[in-house]
1. Mind checking whether some residue in the stretch 127-134 is free of Cβ contacts under 8 Å to residues at least 24 places away in the same chain and touching a Phe, Trp or Tyr at 6+ places or on another chain (Cβ under 6 Å)?
2. Within the stretch 105-123, identify whether any single residue is part of a helix (DSSP H, G or I) and closer than 15 Å to Ile39 by Cα, and answer yes or no.
3. Please find, within the stretch 159-169, the residue that is surrounded by the most Cβ atoms within 10 Å (Cβ to Cβ) out of those that are at pLDDT below 90 and of a type in the set (S, T, N, Q).
4. Can you name the condition, by its number, that Asp112 falls short on among (1) outside the structural domain of Gly137 (by TED's automatic domain parsing); (2) touching a strand residue (DSSP E or B) at 6+ places or on another chain (Cβ under 7 Å)?
5. Only one of these conditions is not met by Ile44: (1) part of a helix (DSSP H, G or I); (2) surrounded by 13 or more Cβ atoms within 10 Å (Cβ to Cβ). Which number is it?
6. Looking at this structure, is Leu54 more than 13 Å from the chain's Cα centre (by Cα), modelled with pLDDT under 90 and among the aliphatic types (A, V, I, L, M)?
7. For residues that are within 17 Å of Leu28 (Cα to Cα) and of a type in the set (D, E, K, R), scanning just the stretch 91-130, find the one that is surrounded by the fewest Cβ atoms within 10 Å (Cβ to Cβ).
Amino acid sequence: MSARIEGTASANNFRARQIVVNFDAERLKAPFALRWGAILIDYILLVTIPVAALLLGRFFNYDGTRLLNSEVSNAGWLITILLALTNFIIFPLFSGQSIGKMLTGLKIVKTDGSELSLSALLLRHLLGYPLIFLTLGLGFFISMFNQKGRALHDFLAGTVVIYGQRKQK
C-alpha cells in the first residue's frame, strides 16, 4: 500500500496544499520509544539553557536572590522562552517537527496525511500538552496501546506522529 501526493494551489493561498492518497497511519506510526526520545531531546535542550545561565551566574559570584535576579539568569530564561516558542510552534508549523523530532526522524501530520494547520498545532500543543501533564503522563502512554500510535494530544488535534523515510529518486 503506497501513498501518493497530489498538489493543489490557489492564487489566494501562499502555501501549496497537498492531498495524500492512500495514507496509512498505522503502517507509518512512530514507535513509542522514538517518540519518548524526541521528547527527551526537546526537554534536555530547554533545561540546559537556564541551568547553564545559573552556573554562569555562580561563576560571576552571584549568590542567593542576587543569582536568581541577575542579568545572566534573566537572559537565560528569555532565551529558553524564545527557544520553546520556536521549537514547539514555529518549527512544527513549517516542517511538522520540533528539534527532537527532526533528530529522530519523526513528523506530525493530520490523520489523513496532510500538512499540519496552525489551529491543529495550537490545539495540540497549548491544550493537549497541559492535559498530558495534568494526567501525569497517562495521556502520552495511551499511544503505546493505540493502533495508530496516537496520544491524547493527537486525538484532540486530529494528528498523528509518523516515522518514515522519504523515497530517494
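The values are calculated or read from the model by the stated rules, or taken from the named source; none is laboratory data. All figures in this text were calculated on a predicted structure; none of them were measured in a lab. Using ideal geometry, Cβ is built from the backbone for each residue, glycine included, and neighbour counts are taken over all protein chains shown.
1. yes
2. no
3. That would be Gln165.
4. (1)
5. Against the list (1) part of a helix (DSSP H, G or I); (2) surrounded by 13 or more Cβ atoms within 10 Å (Cβ to Cβ), Ile44 comes up short only on (2).
6. For Leu54, the condition - more than 13 Å from the chain's Cα centre (by Cα), modelled with pLDDT under 90 and among the aliphatic types (A, V, I, L, M) - is met.
7. Among them, the one singled out is Asp112.
Table: residues versus (1) modelled with pLDDT under 90; (2) among the β-branched types (Val, Ile, Thr); (3) assigned by TED's automatic domain parsing to the domain that holds Trp36.
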{"residue": "Thr80", "(1), (2), (3)": "no, yes, yes"}
{"residue": "Ala120", "(1), (2), (3)": "no, no, no"}
{"residue": "Leu126", "(1), (2), (3)": "no, no, no"}
{"residue": "Leu134", "(1), (2), (3)": "no, no, no"}
{"residue": "Gln147", "(1), (2), (3)": "yes, no, no"}
{"residue": "His153", "(1), (2), (3)": "no, no, no"}
{"residue": "Ala157", "(1), (2), (3)": "no, no, no"}
